[in-house]
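As structure tokens, the structure follows; a few thoughts come after it.
The values are calculated or read from the model by the stated rules, or taken from the named source; none is laboratory data. Because the structure is a prediction, the values reported are computed rather than measured. Because the Cβ atoms are built from the backbone with ideal geometry, glycine has one as well, and the counts that use them run over all protein chains shown. For accessibility, only protein heavy atoms count, side chains too; no ligands or nucleic acids. Shrake-Rupley method; radii C 1.70, N 1.55, O 1.52, S 1.80 Å.
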Amino acid sequence: MDAPEISIIPKPLHIARGTGELLFSSETPVTLLDGVPELGPEGYRLTVTEAGVVFEAGSPAAVCYAEQTLRQLLPPVALREAGDTGPWPIPRVQIIDTPRFRWRGVLLDVARHFLPKREVLRFLDLMVLHKLNVLHWHLTEDQGWRVEIKRYPKLTEVGSWRRETVGDGEPHGGFYTQDDIREIVAYAAERNITVVPEIDVPGHSTAAIAAYPELGNQDVPSAAEPREVWTLFGIATTVLNVEDSTIEFYKNVMDEICDLFPGEYVCLGGDECPKDEWKASARAQQRKAELGLTTEEELQAWFLHQISAHVAAKGRKLLGWDEILEGELFPGTVVSSWRGTDGAVEAARRGHDTLTSPYNWVYFDYRQSDDEGEPGAPWAAPTSLERAYGFEPVPADMPEEDAGHVIGSEATLWSEYMPSPRIVDYQAFPRLSAFSETVWSGEERDFAEFRGRLVKHLERLDALGVEYRPLDGPLPWQKQPAPRWRSDPHAE
Ligand code: ACM
């Protein structure tokens, strides 16, 4: 058997192929030397000689990435946990590598549709294979609350289940216990992945209000009746009230969240905050006046500021969606720009770090083609693999001196249209393989060359049982019936 071609994804910075090969097995010495400081904290040098493999890697992250690269030098079957143990011929090579961005994230929405723990663990395995290092975990929504909070048990007792989904008559739900969360966070850390929890406020909170109606605007006639966990998709009109007791409630939630998630960042959402209930609520208007505020946007910023200050006092940094730019930003907040990239330009101009996550490039819940039977969210133009690969994380119109504020990007997997783990696989891959290269590798990219490597990479995904979208379109069983819910939630 000849040593295979080298086809690593994401593409390393530099590959120097030698002649000959090494027969690699579990007996082969893998030696760890000092790191290569000029390659940065995540950079590594991997050398395959006739005597063995050498990693020059100065941090756990760098060692992790050298290992991932070595895994991709082995045949796909070697990726399986139990199976063929070799030995296998691998090419003599020296690889020098370091990422372009430090934040290489994926948003996973487990709120619209719950994803069982084993599937989250499996997703983390697939993330590290692609050297992605941030799981932005969207845990709360109108349609479900997914994280156990000991102080407020009804958040999951009531808030984790909905009666049905868009008229299907079938209950849907699930949540993670605090032990589950700790297991997932530890599993991620072993793979150099930080989990950033998102507790989305003050919009996207119907499930919390269903559990604790006193969090809602009960003096507004349309909001006075007890709410149920939302059974539709789109942007709900529900919003948290602005009472001190509600702020206190969320500070207490954040105390438990910060205990569970040791990472540097916590996301408070802040997107798509509907203002109608605040406008209609005499009580909210009274609070606005008492606080000396004049607009609902200022009220939203005030709300976020209260909780941000509490989280920041615990030594954490905040992340929020670009709508938070409508008000004053809490110091140090990182802004994720999803409605295009203007939000990133604006955040950087205001001196804040930013992530780019524009819906029309990296929202991988969207369809991958216009073909009949192509699954996915239909409320925007399709994002093909080639388009995903063409994403440039730094906005073209960002002044050069601000570009350092772009600390990375996130692809998103919103789950209105992802009711099962199999569909998550389909939407995520291979677009996430393409995305990994946009955030890890250099600016110079060639889709045809990537596609060639991807053909080999798909054999790895096959070995891991990933039900990705084939390059020439869905398999018959992957085609979906016409979507059950047709409205464009962003247009409502
Ligand atoms: C978002 O897509 N609402 C962040």
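Taken over region 343-367, residues that are touching an Asp or Glu at 6+ places or on another chain (Cβ under 6 Å) and farther than 20 Å from Arg102 by Cα amount to 1. Just one residue in the set Val120, Val110, Val77 is closer than 24 Å to Leu23 by Cβ and of a type in the set (Val, Ile, Thr); that residue is Val77.
Restricted to region 1-69, the set of strands (runs of 3 or more DSSP E) holding at least 3 residues that are open to solvent by less than 60 Å² (accessible area, probe 1.4 Å) comprises 14-24, 44-48, 53-57. Kindly check whether there is at least one residue in region 288-300 that is within 16 Å of the ligand (Cβ to nearest atom) and either small (Gly, Ala, Ser) or in contact with a Cys (Cβ under 8 Å, 6 or more places away or on another chain) (or both). Among the residues of region 288-300, at least one is within 16 Å of the ligand (Cβ to nearest atom) and either small (Gly, Ala, Ser) or in contact with a Cys (Cβ under 8 Å, 6 or more places away or on another chain) (or both), which makes the answer yes. Residue-level analysis places Pro395 among those that are open to solvent by less than 30 Å² (accessible area, probe 1.4 Å), over 21 Å from Asp425 (Cβ atoms) and more than 16 Å from the ligand (Cβ to nearest atom). Hey, can you tell me all the residues within region 436-466 that are touching a residue at least 12 places away in the same chain (Cβ under 8 Å) and open to solvent by 50 Å² or more (accessible area, probe 1.4 Å)? Result: Glu443, Arg445, Arg451, Val455, Lys456, Glu459, Asp462, Leu464. Scanning region 242-270 for residues that are under 18 Å from the mean Cα position of the chain (by Cα) and open to solvent by 10 Å² or more (accessible area, probe 1.4 Å), we see that the one that is farthest from the ligand (Cβ to nearest atom) is Pro262. The residues on offer are Gly343, Gly376, Gly404, and the sole one that is without any contact (Cβ under 8 Å) to a residue 24 or more places away in the chain and within 16 Å of the ligand (Cβ to nearest atom) is Gly343. Can you tell me which residue within region 425-462, out of those that are of a type in the set (Lys, Arg) and over 30 Å from His172 (Cβ atoms), is nearest to the ligand (Cβ to nearest atom)? By that ranking, first place goes to Arg445.
Would you pick out the residues in region 207-264 that are among the basic types (Lys, Arg) and modelled with pLDDT of 95 or more? Residue satisfying the conditions is Lys251 alone. The single residue among Asp180, Asp109 that is in contact with a helix residue (DSSP H, G or I) (Cβ under 6 Å, 6 or more places away or on another chain) and of a type in the set (D, E, K, R) turns out to be Asp180. Is at least one residue of region 39-48 closer than 28 Å to Arg122 by Cα, among the small types (Gly, Ala, Ser) and touching a strand residue (DSSP E or B) at 6+ places or on another chain (Cβ under 9 Å)? Looking for residues that are closer than 28 Å to Arg122 by Cα, among the small types (Gly, Ala, Ser) and touching a strand residue (DSSP E or B) at 6+ places or on another chain (Cβ under 9 Å), one finds at least one in region 39-48, hence yes.
Close Cβ contacts (under 6 Å, 6 or more residues apart or on different chains) running from residues in region 22-47 that are within 11 Å of Ala66 (Cα to Cα) to residues that are among the hydroxyl-bearing types (Ser, Thr, Tyr) comprise Gly43/Thr98; Tyr44/Tyr65; Leu46/Thr69.
Conditions (1) touching a residue at least 24 places away in the same chain (Cβ under 8 Å); (2) within 19 Å of Pro197 (Cα to Cα); (3) away from the ligand (no atom under 16 Å from the Cβ), marked per residue:
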site	(1), (2), (3)
Lys275	yes, no, no
Trp278	yes, no, yes
Gln306	yes, yes, yes
Ala312	no, yes, yes
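With respect to being at pLDDT below 95, touching an Asp or Glu at 6+ places or on another chain (Cβ under 7 Å) and open to solvent by less than 20 Å² (accessible area, probe 1.4 Å), Gly376 fits the description.
For region 407-424, a residue qualifies if it is within 16 Å of the ligand (Cβ to nearest atom), among the small types (Gly, Ala, Ser) and within 30 Å of Trp477 (Cα to Cα), and the qualifying residues are Ala411, Ser415. Against the criterion of being within 30 Å of Leu471 (Cβ to Cβ) and either within 16 Å of the ligand (Cβ to nearest atom) or open to solvent by less than 10 Å² (accessible area, probe 1.4 Å) (or both), Pro382 does not qualify.
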